[in-house]
1. Between PHE125 and residues 5 or more places away or on another chain, which pairs have amide H atoms under 5 Å apart, with H built 1.01 Å from N, and which residues are they?
2. For the stretch 109-218, what is the charge dipole size about the Cα centre, in debye to the nearest 20, if Lys and Arg each add +1 at the Cβ and Asp and Glu each add -1 at the Cβ?
3. Mind scanning LYS148/LYS203; LYS35/LYS94; LYS58/LYS90; LYS35/LYS148 and naming the pairs with a C-alpha gap bigger than 23 Å?
4. Classify the stretch 161-218 as rounded, prolate or oblate from the Cα gyration tensor: take a ≥ b ≥ c as the square roots of its eigenvalues, call it rounded if a/c is under 1.5, otherwise prolate when a/b beats b/c and oblate if not.
5. For the stretch 48-184, just the Cα set please: Rg and Dmax, both in angstrom.
6. Calculate how large, on average over all directions, the projected area of the Cα convex hull of the stretch 127-193 is; give the answer in nm² to one decimal.
7. From the phi of every residue in the stretch 63-68, what ³J(HN,Hα) in whole Hz does the Karplus formula 6.51 cos²θ - 1.76 cosθ + 1.60 yield, where θ is phi - 60° and glycine or proline is x?
8. Which far-off residues, 5 or more places away or on another chain, put their amide H under 5 Å from the one on ILE27, with H placed in the peptide plane?
Amino acid sequence: MDQPDPAVAPKPDTPTEQPGIQAGTRILGVLPNYKTVEKMTGAYEPLTPGAKFMIATKDSFDWPEFFVAASITELGTLTGQDPEWGQGVKGFAKRYGAALSDQVISNYLTEAILPAVLHDDPRYFRLGPGYSPAHRIGHALSWVIIGKTDTNHNTLNVPELLGSGASAAIGLMYYPQAERLGSSVMDRFVTQVSFDAASSVLKEYWPDIRQALFHKHE
């Protein structure tokens, strides 16, 4: 699907306010939303490698992420996933460590390391109002497949696909024996890409939701 050429405002002086690194930006005040460019105004400006690593760091270590990992851990405990790790505090600690590792490894691969090496832009460029819901949702879902280069051209989103796959494979180092099968790695890969696709849809519509709920304009 074709994506409109994004544009962001000129880069401010402070690194934490570079395009796509919006300090303190969270969805519903909780979910980190640091790599979304909400408005396409001005001239496109690529991120520096340092800025890409800053996005990955914020997405990995912002305080809500620790609660997200805990929620994933609790769900795994309740559904009896990875029985080799057992129950109780010890089992919870192992699952929590794995969930947190998954998040951090995936974020750095898809948002920092691979985008810096391949000269790709890890940000999500929102389409915004003025388009049909189907167009906006399609635009958001396509972002896990079609990304942007640092020269503002559409390209295969290799950082997302390769990074998610590599993250799932790295899990072989710390998941229990039963989860070291090819099917388990594929399940983790599909889960990660699906989560990122759903996240893009939420990012696309969050300003609309924010305006409706809190009467705050973009």
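Readers should treat all values here as calculations from the given coordinates under stated rules, not as data from a laboratory. Just so we're clear, the structure is a prediction, and the values are computed from it rather than from any experiment. Positions of Cβ are backbone-derived with ideal geometry, glycine not excepted, and every protein chain shown enters the neighbour counts.
1. Long-range HN contacts for PHE125: VAL37.
2. Using Cβ point charges on Lys, Arg, Asp and Glu, the stretch 109-218 gives about 220 debye.
3. LYS35/LYS94; LYS58/LYS90
4. Details: a/c = 4.34, a/b = 3.68, b/c = 1.18.
Prolate shape, in that a/c is at least 1.5 and a/b is the bigger ratio.
5. When restricted to Cα atoms, the stretch 48-184 yields Rg and Dmax of 17.3, 52 Å.
6. On the way: hull surface 23.9 nm².
Mean shadow area of the hull around the Cα atoms is 6.0 nm².
7. 4, x, 4, 5, 6, 4
8. When sequence neighbours closer than 5 places are left aside, the close amide H contacts are ASN33.
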